[in-house]
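Quick notes on the structure that follows.
Values quoted throughout were computed directly from the atomic coordinates according to the rules given, and no laboratory measurement underlies them. Remember, predicted model here, so these are calculated numbers, not experimental data. Neighbour counts are summed over all protein chains in view; Cβ atoms, including those assigned to glycine, are modelled from backbone coordinates with ideal geometry.
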Amino acid sequence: MTFEAFVREFHAHRADNPNVRVQLGIDGRLGELPDPSGAYARQREQGARRLLGELGRLQTSGLGFSDRLDLELAQLMLESEVFELGLEIGGKPLLSQQPRAGDELGEGIFMLAVADPRATVERLEDITRRIEGIPAYLEGVLARLERPVERWVEMDAAKVVELPSLLASMQSWAHEAQWSGSDWLSEVSSPALAALAAYAERLRALPTTPHFHVGPAAAARVVALRGIEQSLDELHGMARTFLAETQRELDALQARLVDKYALPRETTRLELHQFLNRRFRVQIEPGRFDQVLTRYRREQDQLLRYIRERDLFPIPEGQSLQILETPGFMRPSIPAGAMTPPAPFRAGTATSLIFLTLSEELLDEHTELTIPVMMIHEGIPGHHLQLSTAAQHPSWIRRHVSANDHAEGWTTMLEDYMLDLGYMADLADEARFCTKRDLSRIGARVAIDLFFMTGERDYLDVGLGLERGQSDPFAAAGELLASVTGFTPGRVHAELSWYSFERGYPLSYLTGYRLVERLRADVHAAQRARGLGQDRGDLDADRVDRLFFERYLRSGNMPLSFLRRLFREEGLVSGRTEP
């Protein structure tokens, strides 16, 4: 098999799932629902193993560095798929314990409605076919489940009960568009609604297990298959160090802000945070959360002007960004905000969707101090810039890669970088205090992720002196998360649900942040060794940053361990800096 033939087969394998086709922007079979059966999972595993065999026989001696790197990325993704499909909890297959109907049904329909550039008629036809398939799909999920995880049952049921509102909005859209198939959509919606109600009831009635740990050996494999080279203990040490450093920074910021606002000396960190939330609360009419979205859109426009005036980052043509309120079925797993990246195989404008979870309780998560940082993280120069650039990379394999340390390391680094540049001017200390307090979550995430995966409670010890007396794992993890962030109870609950489900993703934030910091420093060191920056100081430092940003963005998606090898190949870092 040639390299080109392997790439085609790999692409076809990855694009076999209809929901994945929606995410990737590949036409065909968009009216189908994913196959929830164990038989399909076994078929996927066999397909991945077959491709790994082909990869092992592929002749690579005539390939360049970039193509060989792509093959290693493909191998990592295939090995990860095989591992995940064979993963067990308590001796039972993970798939038999993991209900995902809310995600599998809702996300495909929603994305076809809001992010598909095809004609309205084509999208509504595919959505209607999907709705028609809901009863059979749900029966397939229930047939697969055996003693599912209690927390995941709660999550899925909460998402499923919100799906009727999504179906109702599809019917309203069909009527407004005067679509000739409106009656067909109404006809198939009735049995779909009945099936959703029955599924939620039957799901909640199933015997469940509170256990969701996969064990230390599996946890180490999860981390390695994300391309992260650090051991579990090294990651835990990283979290302890980061949280200690962050606490010292917060102490200094707190002292300055207490003086600035003439607050009592005994003001606690939580009280200061609450004071800032009140003082910088976004002013909206009661219940008008759409006005919060308007404020976010205004901030993105301001950020874009600031970046262009200073030529800080390369911004590609043909990209756009939409900011939406989180739909009900997605709220249980999106605590504050999230984004859906551009479909990398769709021609035309690369469009990202930013979702914001809004409620009266959560308004403290969206203030005049936090909105700018949220947009730095999610929009331009954050995820949207990174992923809209990566979506245009010529490598098909890299367009399939989802490397969380690469993505989250980039965006977390930018939060400090933009404040250091003076983006928030006189409010930098206030914004940095709220940001650092919120950023403490990434240290807690490492500890909780490691604990949730392994079941080893010692990982929750990150030097903060908490008692860890809670027997329930969610209560113990929640105590840590709330103590370092001050999150509302609702956000703590949603964050922990997500952590338990997405093994290895939560720890990617801090890991990526530290690895990006190190890579950026090594690029600067290598350029200084070549004579740059010795005479003109900050001017050349800015030029090196621009070089780093451009190459980071234009290299496409890959774990940071792979990106370091690419940078070394291109002469951007010295071989001596290999971690």
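Numbers below:
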| item | result |
| --- | --- |
| For segment 3-205: Kirkwood Rh in Å [reciprocal of mean 1/r, alpha carbons] | 18.7 Å |
| Calculated FRET value between Ala244 and Val121, using beta carbons and R₀ = 35 Å, to 0.05 | 0.05 |
| Amide hydrogen neighbours beyond the local backbone of Ala350, cut-off 5 Å, H modeled | Gln319, Ser320 |
| Spatial extent of segment 348-485: Rg and Dmax, with the Cα atoms as the point set, Å | 17.8, 54 |
| Sites Asp429 and Ser402 - FRET efficiency at Förster radius 25 Å, r taken between beta-carbons, to 0.05 | 0.10 |
| Residue exposure sequence - Arg543, Arg565 - by fewest surrounding Cβ within 10 Å | Arg543, Arg565 |
| Under 10 Å, Cβ to Cβ, from Phe83 - net charge with Lys/Arg +1 and Asp/Glu -1 | -3 |
| Lys, Arg +1 and Asp, Glu -1 on Cβ, resulting dipole of segment 297-408 about Cα centre, debye, nearest 20 | 620 debye |
| Cα-projected label distance for Glu176 with Ala39, points at 7 Å along beta-carbon direction, nm | 4.1 nm |
| Neighbour-count ranking [beta-carbon atoms within 10 angstrom, fewest first] of Ile131, Ile307 | Ile307, Ile131 |
| In Hz, Karplus ³J(HN,Hα) per residue of segment 434-446 (6.51, -1.76, 1.60; θ = phi - 60°; x = Gly, Pro) | 5, 5, 5, 5, 5, 5, 4, 4, 6, x, 4, 4, 4 |
| Signed unit charges on C-beta, dipole axis of segment 213-579, positive-most listed residue Leu572, Ala444, Ser561 | Leu572 |
| Segment 237-365 - convex hull of alpha carbons, volume per residue in Å³ | 203 Å³ |
| Potential extension, Arg147-Asp27 segment - 0.36 nm per residue separation minus Cα distance | 39.6 nm |
| Diffusion coefficient, µm² s⁻¹, Stokes-Einstein with Kirkwood Rh over alpha-carbon pairs of the chain at 37 °C and 0.692 mPa s | 130 µm²/s |
| Potential lengthening between Asp420 and Asp301 on full extension [0.36 nm per residue; Cα-Cα distance subtracted] | 40.9 nm |
| Difference of contour (0.36 nm per residue) and Cα-Cα distance, Ile315 to Arg554 | 85.0 nm |
| Radius 14 Å from Cβ of Val114, net charge of other residues (Lys, Arg +1; Asp, Glu -1) | -1 |
| Debye intensity ratio in log₁₀ form over the Cα atoms of segment 177-225, taken at each q of 0.24, 0.32 Å⁻¹ | -0.90, -1.07 |
| Cα centroid separation, segment 116-176 to segment 1-74 (Å) | 26 Å |
| Spatial separation of Cα centroids for segment 381-399 and segment 475-534, in angstrom | 21 Å |
| Computed P(r) (all Cα pairs; segment 119-229; 10 Å bins; percent) | 13, 32, 24, 20, 10, 1 |
| Distance between modelled label sites at Ala541 and Ala475, nm, 7 Å Cα→Cβ extension | 5.0 nm |
| Ranked packing of 451-462, 245-256, most packed first, by mean Cβ within 10 Å | 451-462, 245-256 |
| R0 of 30 Å, Cβ-Cβ distance Glu229-Asp67: FRET efficiency to nearest 0.05 | 0.85 |
| Estimated distance in nm for a label pair at Lys92 and Asp183, the labels positioned 7 Å out from Cα along Cα-to-Cβ | 4.6 nm |
